[in-house]
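A quick write-up on the structure given underneath.
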Amino acid sequence: MDRLLTKKDLAAKWQVSEKAIDDYRNKGIITAVKGLPSVRFTPEHIAEIEGSKLERFSPIERRRLEKEIEVLKLQLKKAEQIIAQVQILSTGHIYLEWLFYRLKA
């Protein structure tokens, strides 16, 4: 097994502060080895992360959010259609009122 990386090691490797490493951990972007008294990272985990861009969300959470976005887009489209129908109806109503008052005059 390769040597585990400390926060300081990882911060130097990524050229960021140790605070940034803490922020990545708090956001769930990187995961420290569990069961150790100090914060350490496996080289395999870091290599896996370096192979992809840093993501705030897990793949499962990302899929859930993408699905939610699609549902919201469909709801927005329906709402826009309803608003268009209301505008058409209100325009027709205004025109009929205008005709009524014009014929009355």
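Every read-out reported here was derived from the displayed coordinates using simple, explicitly stated rules and does not represent laboratory data. Keep in mind it's a predicted model, so treat the numbers as computed, not measured. When we count neighbours, we look across all protein chains shown, and the Cβ atoms used for this are built from the backbone with ideal geometry, even at glycine.
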- Message: Treating only the Cβ of Lys, Arg, Asp and Glu as charged (+1, +1, -1, -1), what charge dipole size does the chain show about its Cα centre? Round to the nearest 20 debye.
- Response: 240 debye
- Task: Give the relative contact order (percent, whole number) for the chain; include only Cα pairs under 8 Å separated by 6+ residues.
- Result: 21 percent
- Query: In which sequence would Val16, Val86 go, from the one with the fewest C-beta neighbours within 10 Å to the one with the most?
  - Reply: Val86, Val16
- Note on the structure: Residue by residue through the range 61-71, the couplings from Karplus 6.51 cos²θ - 1.76 cosθ + 1.60 with θ = phi - 60°, in Hz, x for Gly and Pro, are 5, 4, 4, 4, 5, 5, 5, 4, 4, 4, 4
- List every residue whose amide H lies under 5 Å from the amide H of Ile30, counting only residues 5 or more places away in sequence or on a different chain, with H placed 1.01 Å from N in the peptide plane. Arg25
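Work out, step by step, the length gained on full extension between Ser17 and Lys78: first 0.36 nm times the residue separation, then minus their alpha carbon distance; give nm to one decimal.
17.2 nm is the gain from fully extending Ser17 to Lys78.
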- Cα→Cβ-extended label distance, 7 Å offset, between Glu70 and Glu97, nm: 4.4 nm
- Item | Residue-wise HN-Hα coupling along the range 32-39, computed from phi with Karplus coefficients 6.51, -1.76, 1.60 (Hz; x: Gly, Pro) | 7, 5, 7, x, 9, x, 10, 7
- Cα-based reach from Lys19 at 18 Å (exclusive), listing aspartates and glutamates while leaving out same-chain residues under 8 positions away: Asp9, Glu55
- Gain upon complete extension [Lys104, Thr42; 0.36 nm per residue less C-alpha separation]: 13.7 nm
- Task: Before anything else, pin down the relative contact order of the range 5-50: Cα pairs under 8 Å, at least 6 apart, normalised by residue count, whole percent.
- Result: 37 percent
- Task: With springs connecting C-alpha atoms under 10 Å apart, model the chain as a Gaussian network and identify which of Ile88, Ile60, Ile30 has the largest mean-square fluctuation.
- Result: Ile88
